[in-house]
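Read through the structure below, which is laid out as structure tokens, and then see the notes.
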Amino acid sequence: MTKALTAEAEQATARTSAATLAGVTLRPGRPKDAAPCGRIMYGAFKTISEYHRFPPDFPSPEAATQLLSWLLANPKFYSVVAEVEGKIVGSNFLDERGMIAGLGPITIDPSTQNQSIGRQLMLDVLDRAAKRNSPGVRLVQATYHTRSLCLYSKLGFVVQELLVAMQGKALGLRIPGHKVRSATEGDLAACNRLCFQIHGHERGEELVDGIRQGSASVVERDGQISGYATLIGFFGHAVGETNEDLKALIGAAKQFAGPGFLLPAPNSELFRWCLEHGLRVVQPMTLMSLGLYDEPRGVFLPSVLF
């Protein structure tokens, strides 16, 4: 357990007690919470994005509810719901499918802002991460949302990457010498080795989910797997040995799911290639970490969790 996570864990119980005294109650999420939490999620993201003149992350309350139905039913995701006088006012999640935990999405009813509910929801999941001995927690936030950026920074998170969400028509491109195909569970060992080589940890359970959902793909070069993607989209991640591997995965994608796929802006070669092929930047985002963070030793596309 890292010192940063331990420190936040020691504060979480006291903070939660204070929240309860103030009329805010935190409890575990349940599948039946999907609809009310989905409406809040849609409204919260829509309000903040439109205020800053960006498109909303979800096209409808139903789309947000569909995502939360999956998260709340998935035992690999920890969930917490905030209530005031028995009414749901916010929620937060922690992806526990790997060694590094992914935080979010966190949303609070816009009508109950400025009551420290977001902070309580954050401290609750950090307490959870500390109790399960996660060496690190990561999240991705909308860069224009400066309030959340400040909150996460106060809680100890460190900015690691400036990201851009890329969207546009499917490219239908092939990169010479790079074969892209659907991933199978037989590819897991090779993909895990590649992820570990680049990030210092595996994300195999996420890849299994992508394979079972039919969204995961691999790229082969000289008969060997040189990259993979769970999904080329907002909730998928990808890794590759070279930018050519990522270009092949992006070029073969039939669509860019959700608001788009996330690209580290400092990867100027890949960023420029995407722009030259007609893709556009939808919004800037920031990858932040608390605890263990290894500088990537290869190229990658993060998910909206990390």
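Where a number appears in this text, it was derived from the coordinates with a stated rule and is not lab data. Predicted model, so just to flag it, every value in this text is computed and none were measured. Quick reminder, even Gly has a Cβ in these numbers, built from the backbone with ideal geometry, and neighbours come from all protein chains shown.
Across the options Leu123, Met99, Ala35, the greatest Cα extent toward the positive end of the charge dipole of segment 3-156 (unit charges at beta carbon of Lys, Arg, Asp, Glu) belongs to Met99. GNM remark for the chain: springs join alpha carbons under 10 Å apart, and the peak mean-square fluctuation among Leu94, Leu126, Leu275 falls on Leu275. Comparing Val239, Gly227, Ile250 along the charge dipole axis of segment 224-306, the residue lying farthest to the positive side is Ile250, per the Cβ-charge model. Each part reduced to its alpha carbon centroid, segment 210-279 and segment 170-204 end up 9 Å apart. Put simply, when 283-295, 73-85 are sorted by average Cβ atoms within 10 angstrom per residue, most first, you get 283-295, 73-85.
Note on Ser153 and Ala63: the extension gain reaches 29.4 nm, defined as 0.36 nm multiplied by sequence separation minus the Cα-Cα distance. With Cβ to Cβ distances under 12 Å as the rule, what net charge do the other residues near Asp209 carry (K, R +1; D, E -1)? Net charge around Asp209: 0. Positive-end ranking of Leu67, Gly172, Phe306 along the dipole of the chain, with charges on Cβ about the Cα centre, is headed by Leu67.
A simple charge model with +1 on the Cβ of Lys and Arg, -1 on the Cβ of Asp and Glu and nothing else charged puts the dipole of segment 150-306 at about 480 debye relative to its Cα centre.
Taking Cα atoms only, the orientation of helix 188-199 departs from the longest principal axis of the chain by about 70 degrees.
Taking the square roots of five times each eigenvalue of the Cα gyration tensor of the chain, the equivalent ellipsoid has semi-axes of 33, 21, 17 Å, listed largest first. Principal-axis analysis of the Cα atoms of the chain puts helix 243-252 at an angle of about 80° to the longest axis.
Rounded to the nearest 500, the helix-only mean residue ellipticity at 222 nm of the chain stands at -12000 deg cm²/dmol, with each DSSP H run of n ≥ 4 adding -39,500 (n - 2.57). A Cβ-based charge dipole, computed about the Cα centre of segment 100-223 with Lys and Arg at +1 and Asp and Glu at -1, lands at about 220 debye. Secondary structure note: in segment 48-159, about 85% of the DSSP beta bridges are antiparallel. Compute the signed sum of charges (Lys and Arg +1, Asp and Glu -1) over the other residues within less than 12 Å, Cβ to Cβ, of His178. Around His178, the surrounding residues sum to 0. Here the spin labels are modelled as points 7 Å beyond Cα on the Cα-Cβ line, and at Glu205 and Ala35 they lie 3.0 nm apart.
Compared with the direct C-alpha span, the chain from Trp70 to Leu171 gains 33.4 nm at full extension, assuming 0.36 nm per residue. Computed extension length for Arg53-Arg280: 80.1 nm, one decimal, from 0.36 nm per residue of separation with the Cα-Cα distance subtracted.
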